[in-house]
Amino acid sequence: MKTRRQLSSEEHELWTHVTKSVKRLKPAPRKIATAPAPAPEMKPAESAPKKAAKTVRAVVPPPSPSKPALKPLTPLEPKVKRKLNRGKADVAARIDLHGMRQHEAHEALVRFIFDAHANDARLVLVITGKGKATREDGVMSEREVGVLRRMAPHWLSEPSLRHIVLGYEAATARHGGEGAIYVRLRKRSAT
C-alpha cells in the first residue's frame, strides 16, 4: 500500500492560502441514512464467510405527517373590506396592544383570540400601533421600531392559533390603517 507524503510547511501554508479564497460551487451532498444489514444467524458449527458483506444503503422516506396540512391563511374578501371601509360592517371585538411589552402583548393577543372565538366572533380587530421612528428631538432612534406591528402576524400564524385563525390583513384607514390588523376567525364548531 502506497503512503501519502506529508506536505512541507511552505506547501501547507500555500494550500491554506488558496483554500481560503475558494467557494463551494454546489452545497455539500446530503448524507443518506444507512440501515445496518441484519446479521445472519449462524450456528456454532458454521464459520464466518471470508469476504465482508457490503453495507446496504437504504433511502429512508420522510415521515408522513400525522395531521393534515392546514390551509394557508387568506386575506379578507374585497367585498367585506369595502363594507368595513364604508362603515356598513364592523368588527365583533377589538384589542389594543399599545403600551404593552412584547411578552404581555403576545399573551393578551392569544387570550383575546380564544375568547373571541368562544363568543363566535368572526372578524376582530387587533390594534398594534405603527411604532415611532424618531425621538422627540427628531433624531432617528436606535431602538427597534414597531415591534408589536411586526410580531402580531407571526403570533397569529403560530400552531396554537392556526386552528382558529383563517387569515389576517392590514386594516383600512377607518380602523387604524397600518397600525391595526383585521383577523378572520373560524366558525365555532357546535360541539
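Observations on the model:
- Within segment 115-130, tally of residues that are touching a residue at least 40 places away in the same chain (Cβ under 8 Å) and exposed (fewer than 13 other Cβ atoms within 10 Å of the Cβ): 2
- If you check Val124, Val80 for being out of contact with any helix residue (DSSP H, G or I) (no Cβ under 9 Å at 6 or more places or on another chain), modelled with pLDDT of 80 or more and closer than 16 Å to Arg174 by Cα, only one passes: Val80.
- Being within 27 Å of Asn85 (Cβ to Cβ), assigned to a helix (DSSP H, G or I) and modelled with pLDDT of 80 or more is true of Asp115.
The values are calculated or read from the model by the stated rules, or taken from the named source; none is laboratory data. Since the model is a prediction, treat every value here as computed from it, not as a measurement. Don't worry about glycine lacking a Cβ; one is built from the backbone with ideal geometry, like all the others, and counts go over all protein chains shown.
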